[in-house]
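The values are calculated or read from the model by the stated rules, or taken from the named source; none is laboratory data. Just so we're clear, the structure is a prediction, and the values are computed from it rather than from any experiment. Surface areas here come from the heavy atoms of the whole protein model, side chains and all, with no ligands, DNA or RNA. Shrake-Rupley method; radii C 1.70, N 1.55, O 1.52, S 1.80 Å.
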Amino acid sequence: MSRIRPHITEREAHCRCSCGKVTNDGFLTIIDALLSRYGKPCRINCMVRCDEYNTKIGGSKTSAHLENKHGYGAADLRCNNPIDRAIMLPIAIFYFDAGIINHIEVCDEHLHVAKVPLDHPHAGKIHWGKSK
């Protein structure tokens, strides 16, 4: 498994449809640092999506996974049990409070973290969601 960063595989950084779209370096750096603080392996379900794949899976037209300008993006970090989420969430909140990320969604099987433009509908929000 080829790594694009110490905690992120090349596959995790690309759109899942194999179109070739890859997460930008700025956001990869943010997520790699967050996972370094987490200190244990964590699979990333999804980072960047192209418009076609987002539509195919029923993603929102305002999905943070579509944001891919330098430093912006989203990552669904696999945390499918309450203990993993309890460890990961304070780290994500630290990054949120520091302004490094600005959107968190706590889901049943993953923790969605994102950095979106300030005019994005999810900017500055922490809420509950459900994994697809």
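Each 10 Å bin, from zero up to the one with the longest distance, holds this percent of the alpha carbon pairs of segment 24-83: 21, 47, 29, 3. Would segment 55-95 count as rounded, prolate or oblate if I go by the C-alpha gyration tensor, calling it rounded below 1.5 in a/c and otherwise prolate when a/b exceeds b/c, oblate otherwise? Oblate shape, in that a/c is at least 1.5 and b/c is the bigger or equal ratio. By DSSP, the beta bridges lying fully in segment 42-132 are antiparallel in about 75 percent of cases. Counting only protein heavy atoms and using a 1.4 Å probe, the accessible area of CYS107 comes to about 10 Å².
Computed on protein heavy atoms with a 1.4 Å probe, the accessible areas place THR62, THR55, THR9 in the order THR55, THR62, THR9, largest first. Taking the protein heavy atoms of segment 46-132 in the context of the full set of protein chains, the accessible area attributed to carbon and sulfur is 58 percent at 1.4 Å.
Phi angles across segment 20-26 convert, under the Karplus curve 6.51 cos²θ - 1.76 cosθ + 1.60 with θ = phi - 60°, into 3J(HN,Hα) values of x, 5, 10, 4, 5, 4, x Hz, Gly and Pro given as x.
Using C-alpha pairs under 8 Å with a sequence gap of at least 6, the mean separation divided by the residue count of segment 5-132 gives a relative contact order of 21 percent.
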